[in-house]
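Let me begin by presenting the structure, written as structure tokens, before commenting on it.
The values are calculated or read from the model by the stated rules, or taken from the named source; none is laboratory data. Since the model is a prediction, treat every value here as computed from it, not as a measurement. Glycine gets a Cβ as well: all are built from the backbone with ideal geometry, and neighbour counts include every protein chain shown. Remember, those area values only see protein heavy atoms, side chains included, never the ligands or the DNA or RNA. Shrake-Rupley method; radii C 1.70, N 1.55, O 1.52, S 1.80 Å.
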Amino acid sequence: MKDKNYFLRKAQENFPELNYTVLTPDISEFTASSGDSVILDLGNHAVGHFSFSFDNVEKFIDAPVRLIIRFGEDMREISDDISQYNGNVSKTWLQEEILNLDYPQKTEMPRRYACRYIKITVECTNFPIKIFDFKFTASTSADISALAPSDTKDSLLNKIDCVATNTLKECMQTFFEDGPKRDRRLWIGDLRLEALTNYYTFKNLEIVKRCLYLFAAGEYNNLGFLPSYVFETPYYNSGAAHITDYALLYVVTVCDYYEHTADIVVVNDLLQICKSQLDSFEAILDENLIVTMHDGWFSFIDWCPGLEKLTALQGVYLYTLERFSELLKAIGDEDFKKYSSLLSQVRSACKKHLYDKNAKAFINDLDKKQFSVHSQIWMILGGVISGEEAKKLLIFSLDNENAKQPVTPYMRHYVTEAMLKLGMKDNAVQYLKNLWGGMIDLGADTFWEAYVPDNPDFSPYDDRKGNSLCHAWSCTPSYFIRKYGL
Ligand code: RAM
């Protein structure tokens, strides 16, 4: 019987092995009195556990020592004044601890951190102490030895590839995390992009399988959609949010998995769930076959403020229908006829109801006449327009300062995909160089959750300090570079 227990058991059978590496920072010892501090540099981003020792220098300390230890994914996170945090994600994501240590000892900090820099401030000590034996035990389930170098001849693309694979490596723990600093959970949208990149880099198929099963075990919402994220610690919990585009992208992730593995056993296990996601979506279409606003659902698309999302969501639906029909055809499932006929009907409906012939763009009342890159890209990926018409619209929307623009590497992944679908290889390369290369120019060791070139402080959470600087959905340049030989 394929129930929650079955899926959880399957997830457990594919539990990945973590590889550990002990890193030592640039400084090996530090003598300090009250108020002194030191910043350790691990040389690159790392995810793991920190330990150190401290001892008396001359006089025996006769009172506890208080240390403040801050972990930063970059130097700004080290120097930020976190008492001034105004973000709408919990301030407990900011990585700082106060330790009161009663006497000289070795301290192994119990929590896991994501950082390159570690700042130790001696807040209070009676007499000088020496702190030494710094160790950071880093973990990942990525097997570095499986990673072949990219064969691009372009040095910037090569750098981008290194930072992208580093990002994925850091997010690969016991499942595909979205960000090892925040949210440290498995989200469908991130999973899809991590899995895609993983097929061309670390090639760990078990972890993909595991993540697919973890969602299969989740609880549907009242409309029948899968949860958009799950936790596995301290015990399994399927998250409270249901994001409609993510539910659809789960189906696409299963299609990608089959394409890369031909693993029919897993597909058979998950097929019913995939069908039910598409059927639940069909149930929220109106008589014109266009998705309508409905209580109980939410779509993500991008973190762009004020974005209207119905057209883009409709594009995600088409994209999913296309991929799923292909999968069904490949495995000889007769339902492929049903989904492919729906695909062509919905495509025509989108051209009819969502496209403005005068503006030659997807601008409509459902999205309050908003012009966004997001709508255009998803309609292109959904196959509503193609060829020269699509190319022109894509370039026009990206160059148009009145159009809503993507703010996350997540949405930019789909922009790049649309370019490659339309054969615009040079544009895709330039786009990767500008937008991921831009983060490298600002010193990124791993790619960020959000990046707006002319506003480096942009945050979806009202405060940059809450942003994740090593974010799964940003790792896909390696997928593009390696798959398309850029
Ligand atoms: C944030 C995270 C995550 C993403 C969701 C929608 O919480 O950035 O990666 O998938 O939003």
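Here is how the numbers come out for the structure above:
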read-out: Residues (under 19 Å from the mean Cα position of the chain (by Cα) and among the polar types (S, T, N, Q)) located in the stretch 404-439; value: 405, 408, 416
read-out: Whichever residue in the stretch 451-486 is surrounded by fewer than 24 Cβ atoms within 10 Å (Cβ to Cβ) and within 12 Å of the ligand (Cβ to nearest atom) and, among such residues, is farthest from residue 414 (Cα to Cα); value: 466
read-out: Any hit, the stretch 86-94, residues being away from the ligand (no atom under 16 Å from the Cβ) and open to solvent by less than 60 Å² (accessible area, probe 1.4 Å); value: no
read-out: Verdict on residue 70 being touching a strand residue (DSSP E or B) at 6+ places or on another chain (Cβ under 6 Å), open to solvent by 10 Å² or more (accessible area, probe 1.4 Å) and outside any loop (DSSP other than H, G, I, E, B); value: yes
read-out: Of the criteria (1) β-branched (Val, Ile, Thr); (2) within 16 Å of the ligand (Cβ to nearest atom); (3) farther than 19 Å from residue 171 by Cβ, which one residue 429 fails; value: (2)
read-out: Number of positions in the stretch 183-232 that are open to solvent by less than 10 Å² (accessible area, probe 1.4 Å), among the charged types (D, E, K, R) and away from the ligand (no atom under 16 Å from the Cβ); value: 1
read-out: Subset of the stretch 262-276 [surrounded by 19 or more Cβ atoms within 10 Å (Cβ to Cβ) and touching a residue at least 60 places away in the same chain (Cβ under 8 Å)]; value: 267, 269, 271
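Residues are listed down the side, and each one gets a yes or a no for (1) away from the ligand (no atom under 16 Å from the Cβ); (2) open to solvent by less than 50 Å² (accessible area, probe 1.4 Å):
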position: 260; (1), (2): yes, no
position: 278; (1), (2): yes, yes
position: 281; (1), (2): yes, yes
position: 298; (1), (2): no, no
position: 322; (1), (2): yes, no
position: 325; (1), (2): yes, yes
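Let's see how each residue does on (1) within 16 Å of the ligand (Cβ to nearest atom); (2) in a helix (DSSP H, G or I); (3) modelled with pLDDT under 95:
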{"site": "137", "(1), (2), (3)": "no, no, no"}
{"site": "160", "(1), (2), (3)": "no, yes, no"}
{"site": "169", "(1), (2), (3)": "no, yes, no"}
{"site": "174", "(1), (2), (3)": "no, no, no"}
{"site": "181", "(1), (2), (3)": "yes, no, no"}
